[in-house]
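Take a look at the structure below.
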Amino acid sequence: MDTAQLLHGDWKFRIEHKGIKIFSSQVSGSDIYGFKGETEMEVSLKKLISLLYDMKSYNRWVHQLVDMHILDNTDPLDYVVRQILKTPWPLQDREVIMRTGFVSAGGNSLAVTMKGEPDYLPDNPQYHRVRHASGIWHFTPTAQEKVHITFVMHIDPGKDVPSSVSNTGMFEVPFYTLNNLRTLLKDSSYAPPYPEELARYLSIVEDIPDKP
C-alpha cells in the first residue's frame, strides 16, 4: 500500500467504540486486511510530535509492544527502528524493522510514514522476522488543542499465523493503540520534551484558532 492508498483506500467501516472508529480494507496480493483507526483527541500537535519522539515510552501505548530499539537516527526526520511484538504462545514473537519518516502533509498536517525494511539486519532465530509492513500516522489540528488522528497499518505477521486469526486480531491493534495513546496524553505527569531541532525542517503551527 502506498501513502495515498493507505489514507484513501477502499475502507469498510467496522465498529466505533469510545470515540475510535475502526475500518478495514483488502490489500492487493495479501489475505491480511489493512486497518485504519480514526479519532479526535484534545491535545496540541506539538505534544503529539513530542510523544512520537519519546521512543523509550512507546511500550506504554503501542499495543503488544514488548521492546523497541532505534537502529539509525542520523537524520532527525528519518529513523530505523526495531520492534518486538508479543504473539500468543506457542508462536514466536514478531520482529519488525521499519523506517519511519516525519513529513509535512499539507496545510498544518503532519504525517509519519512507516515502511518495513526486513533485511536491515540478519535474521534473529529467537524471533519471526515480519517481511511485509507499511503504515502511516496522519495528524490534522481541527481546533484549539484538538487534533484529528488517523492510524493506518498493513502488516503480514507470517504464514505460521492463519489469515483468519490475523484479521480478527488486527482490529485490536488500532483500538488499543489509540486508546492507550489517549490515556497517556491525559496523564498530567507525562511531559516529553519537544525536539527543538525539528524547527529547521518542519514548520509547525501548534494549533488552529477556534472559529468565532
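Each value in this text was obtained by applying a stated rule to the coordinates, not by laboratory testing. All figures in this text were calculated on a predicted structure; none of them were measured in a lab. No Cβ is skipped: glycine too gets one built from the backbone with ideal geometry, and neighbour counts run over all protein chains shown.
In a fully extended conformation the segment linking Asp67 and Phe13 would gain 16.3 nm over its present Cα-Cα distance, using 0.36 nm per residue. Counting Cα-Cα pairs of the stretch 121-202 in 10 Å increments starting at 0 gives whole-percent bin shares of 12, 31, 32, 21, 5. Only helices enter this figure: runs of n ≥ 4 DSSP H residues, each worth -39500 (n - 2.57), summed and divided by the residues of the chain, yield -5000 deg cm²/dmol at 222 nm to the nearest 500.
Over the stretch 79-151, what is the percentage of antiparallel beta bridges among all DSSP beta bridges, to the nearest 5?
Details: 26 of 28 bridges.
Looking only at bridges with both residues in the stretch 79-151, the antiparallel portion is about 95 percent.
If you line up the long axis of helix 172-186 against the longest principal axis of the chain, both from Cα atoms, how many degrees apart are they, to the nearest 10? Computed tilt is about 30 degrees.
Over the chain, what is the relative contact order in whole percent, taking alpha-carbon pairs under 8 Å and six or more residues apart?
24 percent
Approximating the spin labels as points 7 Å out from Cα along Cα→Cβ, the Asp93-to-Met55 distance works out to 1.7 nm.
Taking 22 Å as the straight-line reach from the Cα of Lys18, the lysines in range (excluding those fewer than 8 positions away in the same chain) are Lys36, Lys47, Lys146, Lys186.
Stretching the chain fully between Ala143 and Lys86 yields a gain of 16.9 nm (0.36 nm per residue, less the alpha carbon separation).
All C-alpha to C-alpha distances of the stretch 3-187, sorted into 10 Å bins beginning at zero, yield P(r) values of 9, 38, 39, 13, 1 percent in whole numbers.
The simple spin-label model puts a point 7 Å past each Cα toward its Cβ; for Glu117 and Tyr176 those points are separated by 2.8 nm. This ranking places Val43, Val161 by how few other beta-carbon atoms lie within 10 Å of each, fewest first, which gives Val161, Val43.
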